[in-house]
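The values are calculated or read from the model by the stated rules, or taken from the named source; none is laboratory data. Just so you know, these numbers come straight off a predicted model, no measurement behind them. Every residue, glycine as well, gets a Cβ built from its backbone with ideal geometry; the counts of neighbours run over all protein chains shown.
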Amino acid sequence: MRRRSFRALVAGRDVPRDRIFFLSHWFRGHNNPRYAELLPRLDRVDAYLAMLSDRRALRGLQYRVLLRPLRPRLEPQLVRLGARRYLGLFTTDNEQIPHFRGPVVSDVDDPRFTERDAAQLGSPQVQAYVVTEERAARAFEALGVEKPHYVIPQGVDFSSFRPEDVEAVARRRREPGDFVVGYMAAWLLAAGDRGGENPLYNVEHLLELWSEIRARVPRARLWLLGGASSVIEEQASALGGVVVFGRVPRDQLLAHVANFDVGLYPRTKDQGIQSVKIAEYMGAGVPTVAYDYDVTQVVRVASAGLLVETGREFVDAVVRLAEDEAARRALAETAGAYGRSLDWRVLAERYNEILDRHIPVR
């Protein structure tokens with residue numbers, strides 16, 4: 001990826017014919033790891049990024065005051081301008097498709113399966129689209145989308161994953177005999193927090209499960225990686241045995257995850273979005289305990305953990321792995337083997353091939 005300024009786009013400077021247009025808003029520490037890891041590895045992409053603050057409160061203000069009111073009018077104009085300069089468009093927002101007249105490849109990592117999305121993906125200029133799971137493509141096909149599709153799953157960044165960093169985290173944060181279960185999210189929220197109604201960030205059910213896990217496994221510790229609200233910090237402190245790390249830089253994340261004995265995925269709703277967390281658990285060689293949803297079937301396919309139906313079964317599964325080290329190690333080994341196939345460096349090469357195939361240089 002090559003960062004480009006909006007001034008260069010508006011000025012109409014010549015663009016080499018092999019370059020591909022990309023337009024989005026962005027912020028440092030982006031909470032969509034797929035694009036944070038994928039975009040820099042797409043060789044032909046010129047990225048025009050409206051940069052927002054990495055401070056959540058200020059970013060929210062920028063979104064409400066600037067991005068939300070201006071985007072519906074300004075973005076179509078910028079996409080049409082990009083169509084004059086560039087042969088093709090790579091997009092992560094299907095709303096851009098109608099405004100670009102050249103060939104388009106769309107990445108749909110958060111599918112909505114609406115008639116509008118299906119119509120946009122079915123546009124003549126769309127050459128192909130990419131999803132994280134085959135079932136998403138099947139759902140679009142049921143809506144009438146007949147375009148070629150590819151599956152590029154959520155990946156793992158191994159570029160900064162070093163054994164010595166894993167050991168350093170263990171020395172600083174683990175005690176002898178600890179059984180560490182862990183969870184991570186960009187935000188760790190309660191129902192009363194802004195955004196706390198979103199299952200992606202609400203961890204109250206996790207804390208309910210934790211109280212039962214700790215009662216049965218006193219040596220257990222819960223590591224929480226992510227920006228925790230004051231409410232969650234208070235609840236965690238009251239429960240005991242919880243270590244709230246706050247936001248961990250991405251280049252240090254796997255070193256912390258690799259110190260989990262078990263990774264938890266206690267989402268109470270299947271939102272149809274393939275989990276980056278589970279990919280990173282597997283990449284770090286950590287077995288997963290999760291609810292049995294369509295979106296968590298990779299755990300079963302990879303023999304990378306245990307899937308359960310109820311909260312009681314969830315607690316029982318964690319306790320079983322705490323007590324059976326041999327079973328835990330076996331799951332960790334198969335999880336790690338599967339996780340190595342999710343290296344972003346490998347997946348990005350496949351993505352570059354897709355772009356070359358469907359937006360060829362003329």
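Yes/no per residue for (1) at pLDDT 95 or above; (2) closer than 19 Å to Arg44 by Cα:
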residue	(1), (2)
Glu75	no, no
Leu89	yes, yes
Glu95	yes, no
Ala118	yes, no
Pro124	yes, no
Gln127	yes, yes
Val130	yes, yes
Open item on the list: Condition first: of a type in the set (A, V, I, L, M) and at pLDDT 95 or above. Can you find one or more residues in the stretch 266-275 that meet it?
Closed with: no
Open item on the list: Restricting to the stretch 115-133, give me the number of residues that are in contact with a Ser or Thr (Cβ under 9 Å, 6 or more places away or on another chain), small (Gly, Ala, Ser) and not in a strand (DSSP E or B).
Closed with: 0
Task: Subset of the stretch 85-101 [free of Cβ contacts under 8 Å to residues at least 40 places away in the same chain and either small (Gly, Ala, Ser) or surrounded by fewer than 16 Cβ atoms within 10 Å (Cβ to Cβ) (or both)] - done: Glu95, Pro98, Arg101
TODO: Those residues that are free of Cβ contacts under 8 Å to residues at least 40 places away in the same chain and surrounded by fewer than 18 Cβ atoms within 10 Å (Cβ to Cβ), I need them from the stretch 309-322; list them, please.
DONE: Glu309, Thr310, Arg312, Glu313, Asp316, Arg320
- [ ] All but one of (1) part of a loop (DSSP other than H, G, I, E, B); (2) touching an Asp or Glu at 6+ places or on another chain (Cβ under 7 Å) hold for Val145, so report the exception by its number.
- [x] (2)
Task: the stretch 338-362 residues that are surrounded by 14 or more Cβ atoms within 10 Å (Cβ to Cβ), paired with ones that are among the basic types (Lys, Arg) (beta carbon under 8 Å, 6 or more apart) - done: Trp344/Arg41; Ala348/Arg41; Tyr351/Arg41; Asn352/Arg41; Asn352/Arg44; Leu355/Arg44; Asp356/Arg44; Ile359/Arg44
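Quick check on Ala330: is it in contact with a helix residue (DSSP H, G or I) (Cβ under 9 Å, 6 or more places away or on another chain), in the same structural domain as Leu206 (by TED's automatic domain parsing), in a helix (DSSP H, G or I) and of a type in the set (A, V, I, L, M, F, W, C)?
Spelling it out, it is not the case that Ala330 is in contact with a helix residue (DSSP H, G or I) (Cβ under 9 Å, 6 or more places away or on another chain), in the same structural domain as Leu206 (by TED's automatic domain parsing), in a helix (DSSP H, G or I) and of a type in the set (A, V, I, L, M, F, W, C).
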Open item on the list: Just to be sure before I move on: is Ala335 assigned to a helix (DSSP H, G or I), small (Gly, Ala, Ser) and free of Cβ contacts under 8 Å to residues at least 60 places away in the same chain in the structure I sent?
Closed with: yes
Open item on the list: Can you confirm whether Pro199 is more than 25 Å from the chain's Cα centre (by Cα) and either of a type outside the set (Asp, Glu) or in a helix (DSSP H, G or I) (or both)?
Closed with: no
Open item on the list: Anything in the stretch 148-168 that is under 21 Å from the mean Cα position of the chain (by Cα) and not in a loop (DSSP other than H, G, I, E, B)? List them, or say none.
Closed with: His149, Tyr150, Val151, Val156
